[in-house]
Amino acid sequence: MATKTILSWEDFLAAGKEGHKSEWVDGEVIMMSPVNIRHELVLARLIAALVAFCGAHPEWLCVTSNAVFTMASGNWRCADASLFRKERFQGEIPRTKADFAPDVAFEILSPSATPSILQRKRQDYHESGVIQVWIDPDKRLVELVEPDRPLQYFQPPQSLVIGSVPGLRIELEKLLAV
């Protein structure tokens, strides 16, 4: 088994490029490809729904794609959007990465994402106990992966409902209307 290089937060930031998202995966800084306008339109609608949910449920926080979370593997991941319980921060919100995985990771599939990249990210989320929401704008399909529950699929006109996040309801007709 290869030894992982340890990287400081400052070195991670220095390894990236201005305006580009990157992740720390298996000892390497991985630069993420820019996404298309459709992806960002879906993300904007998703963030609006998550902000509304957090406004009605102040025990939850949501962040966008540049927030970095630490997976059980030690990898640092940036989901397109993340939802997590406020209580996970013990005290002040850090000015760097979160030292835990999000409760829910929302990922919008991009044409540039290879099967091996997706599989490794799914594995990190699974090992970290993260609820995964995979959104495919082309197929107008949402896949929900919850630990210890059967896989679920949602399509418009359904709403995405996550059983372990009471009150969260995302109308897929609005989300995927691009």
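Throughout, read-outs are computed from the coordinates displayed, never taken from laboratory work. Note that this is a predicted model, so its numbers are computed, not measured. Counting neighbours? That spans all protein chains shown, and the Cβs are built from the backbone with ideal geometry, glycine included.
Numbers at a glance
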quantity: Set Q119, Q132, Q123: member being touching a Leu at 6+ places or on another chain (Cβ under 8 Å) and not in a loop (DSSP other than H, G, I, E, B); calculated: Q132
quantity: Criterion (of a type in the set (D, E) and in contact (Cβ under 8 Å) with a residue 60 or more places away in the chain) met by exactly one of E143, E171, E92; calculated: E171
quantity: The range 138-156, residues that are closer than 16 Å to V42 by Cα and out of contact with any Leu (no Cβ under 6 Å at 6 or more places or on another chain); calculated: D138, K139, L141, E143
quantity: Selection within the range 135-159 - over 14 Å from V104 (Cβ atoms), part of a loop (DSSP other than H, G, I, E, B), under 18 Å from the mean Cα position of the chain (by Cα) and not aliphatic (A, V, I, L, M); calculated: P137
quantity: Of all residues in the range 166-176 being in a loop (DSSP other than H, G, I, E, B) and in contact with a helix residue (DSSP H, G or I) (Cβ under 8 Å, 6 or more places away or on another chain), the one that is farthest from W60 (Cα to Cα); calculated: L176
